């Protein structure tokens, strides 16, 4: 077995430089300039190749390496408030929202087989709940004293105001403004997607509510009473809003535990609307489906545009 050969000073210098380049390349992973990141990573790989090839750090003629590889990364210019162009960016945001709204409206006419299956399933669930609205609502009321039932709906009772756009929209608008000024991309994107989802689904719900004209359970007129341009029970706005939030939040996390938590909270809050006699069960199902479908379409379009 050959004894270990000490590494000479030249090899140590090359090794340190290679490690330094590798650290720089890892730090550049969060930067916006992907070309600089690639150059730094390539420089680190070349320095490592020199060490592994000769063992003593001597230059290998088969590997052409120069310090210019690392020097290819241009210094990142500090971006100040002068770089912000709110009028231009606001116009661009409105244009994106308009295109997304048109895409949502055209969606039913461009469905593939998978979309068709999911649409039929959604209609079947909504139809089944509609057929038994009175019986399902009565079951909610009968179980109000049950401990398990109360535990499942308690989060929804406490977070009921999260389903009100008037309560949450100012928070999302503030998040959008702060993220834009600080150039925090995740905060800006999540806030804008929530606001856009609420805007598009809000318009759709207003049209549907007035056109369908279904009265609420607390009106005492039964599940089959409709008053055009007056009733506003179908679909549920609360259910739509909270499932929009759950869908957007789930898109921006890789944790399945968090995704399950988001949808569990949304479900609890949506079911609270039946417990409080504010909506029929089919109103809640329809609202949850609409909110999920629209917000899912928006986050997917934004993700595709960012590729």
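Brief remarks follow.
- Estimated at 0.36 nm per residue, the fully extended path between residue 119 and residue 92 surpasses their Cα-Cα distance by 6.5 nm.
- When only alpha carbons of the stretch 116-201 are considered, Rg and Dmax amount to 18.9, 52 Å.
- From the largest down, the stretch 210-288 spans 45, 23, 12 angstrom on the principal axes of its Cα atoms.
- This ranking places 282, 192 by how few other beta-carbon atoms lie within 10 Å of each, fewest first, which gives 192, 282.
- Sequence-separation-based contact order of the stretch 187-307, relative, with Cα cut under 8 Å and 6+ spacing, percent: 31 percent
- Dividing the C-alpha radius of gyration of the stretch 82-305 by 2.2 N^0.38 Å, with N its residue count, gives 1.07.
- Full-extension gain in nm, residue 85 to residue 138, via 0.36 nm per residue minus C-alpha separation: 13.6 nm
- In this simple spin-label model, placing a label point 7 Å from the Cα along the Cα-to-Cβ direction at both residue 150 and residue 183 gives a separation of 5.4 nm.
Any read-out appearing in this document is the output of simple, stated calculations on the displayed coordinates, not a laboratory observation. Being a predicted model, the structure only gives us computed values, none of them experimental. Here Cβ is always computed from backbone atoms with ideal geometry, including for glycine, and neighbour counts include all displayed protein chains.
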